[in-house]
Amino acid sequence: MKNDLKDIKEALLQRIEDLCRQLLPRGRLEGGLWVSHNPLYHEKGKTPTFKVRVRGGDPGAWRDWRSGDKGDVIGLVAHCLQTDIRGALAWSRGFLGWETMSLDERRLLRSRMVERSRQKEREDQKRRNFKLIKAHELWMQGVESKLLPSVKFGEFHSAEGHAINYFQLRNCPLQRIPNLATETFRFSLRTEWWKGAKWRTENGRRFKEHDGPSYPAIHSAMRNHLGILTACHVTFLDPIKPQKAPVDPAKLMFGFAKGSIIELAHGPESKPFWEAIEPHPVILTEGIETGLSIAIAVPEARIWACGSLSGIGSAPVELRCVGTILFARDNNTGNSQAQKQFEQALLSLEESGKPVRVMASHVGDDFNDLANGENDD
């Protein structure tokens, strides 16, 4: 076998989207991921859970959240072709057109690859900076909370009033949250549900033909361990009733959510987590409503919503202000994919070396269902 594994890997990463189209032709690009069914299994009628990182993060890294299979870009070739590393490298040389190249051509190619890699690093940094700016602008699009002391259902017609009515209906009113992290929320009367936007591609560039529909929305800041906003979580609301908007999904995140959290309650110090020093229990949840429901019942804890199971696994629990970690999991009964994600998130938290406990509601799917006294979504 030729000693060109590193070069092949780099070349495949530079053509990762073409590679995905070749190996997983029935997949599609969703954000920075190529999403497909696992080519090794019969999954007709099932939600595709085979995901390859194409943009951002670790390009070429892939995981099947149903089977647990995962690996790098060479492993992706080996997995899809059901071969070993030697076979994957041989196929990759053909895919890249390297088999007929002379030594001089290979040297020239290597030089060009190095330059393209440097160019990609510059473009990735530029794209990251742009996305961080846009995430902050999205959060700032909402109106800052006025800390309304008491609100009767249906009393206010502002963006904040509409959101407060929504939380009241979900049995997690903001006014009852001890040490509420007020710097987390902003409220908007009109936010674009960007999943509904229409795009076209021309000469390799994407152009927006028209916006998606707009709805009232709750904008929640997602901050990293330094307290810097890296993503904005948006809950879209129905324009008339205090409930989720009639779109799927009604909750979206924009920016870089990994490693960042939505702080809901400060805990006893009454300070944001990036300023807090004293270690206190922190409760991690997927959803905001779940976290707010727990905050009412457990006022002495810091409460962080993480947006997803993988988000829980990457939460900045290494901070000094974090004592015992309580993982408030959703039940997700019968969902094998969610079970695997839960196990991975739990393993990540345990690697912090801090005490970890798992808690789950005995009613419905999560603690907001318990607060509502029924099994709703």
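The values are calculated or read from the model by the stated rules, or taken from the named source; none is laboratory data. It should be emphasised that the depicted structure is a prediction, and the values quoted were computed from it without experimental measurement. Using ideal geometry, Cβ is built from the backbone for each residue, glycine included, and neighbour counts are taken over all protein chains shown.
Per-structure values
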{"quantity": "Pair list, Cβ < 6 Å and 6+ apart or interchain, from region 177-202 residues that are without any contact (Cβ under 8 Å) to a residue 60 or more places away in the chain and closer than 17 Å to residue 216 by Cα to residues that are of a type in the set (A, V, I, L, M) and part of a loop (DSSP other than H, G, I, E, B)", "calculated": "193/247"}
{"quantity": "Answer from 259, 307 - the residue that is assigned to a loop (DSSP other than H, G, I, E, B) and over 28 Å from residue 189 (Cα atoms)", "calculated": "259"}
{"quantity": "So residue 294, is it buried (at least 16 other Cβ atoms within 10 Å of the Cβ), among the aliphatic types (A, V, I, L, M), part of a helix (DSSP H, G or I) and out of contact with any Cys (no Cβ under 8 Å at 6 or more places or on another chain)", "calculated": "yes"}
{"quantity": "Which numbered condition residue 212 fails, given (1) without any contact (Cβ under 8 Å) to a residue 12 or more places away in the chain; (2) part of a loop (DSSP other than H, G, I, E, B)", "calculated": "(1)"}
{"quantity": "Qualifying residue in region 268-283 (condition: of a type in the set (A, V, I, L, M, F, W, C) and within 16 Å of residue 219 (Cβ to Cβ))", "calculated": "no"}
{"quantity": "Filter pass, residue 76 being of a type in the set (A, V, I, L, M) and either outside the structural domain of residue 38 (by TED's automatic domain parsing) or surrounded by fewer than 16 Cβ atoms within 10 Å (Cβ to Cβ) (or both)", "calculated": "no"}
{"quantity": "Per-region count, region 186-234, residues within 21 Å of residue 263 (Cβ to Cβ) and within 18 Å of the chain's Cα centre (by Cα)", "calculated": "16"}
{"quantity": "Total residues in region 80-136, condition surrounded by 13 or more Cβ atoms within 10 Å (Cβ to Cβ), in a helix (DSSP H, G or I) and assigned by TED's automatic domain parsing to the domain that holds residue 25", "calculated": "12"}
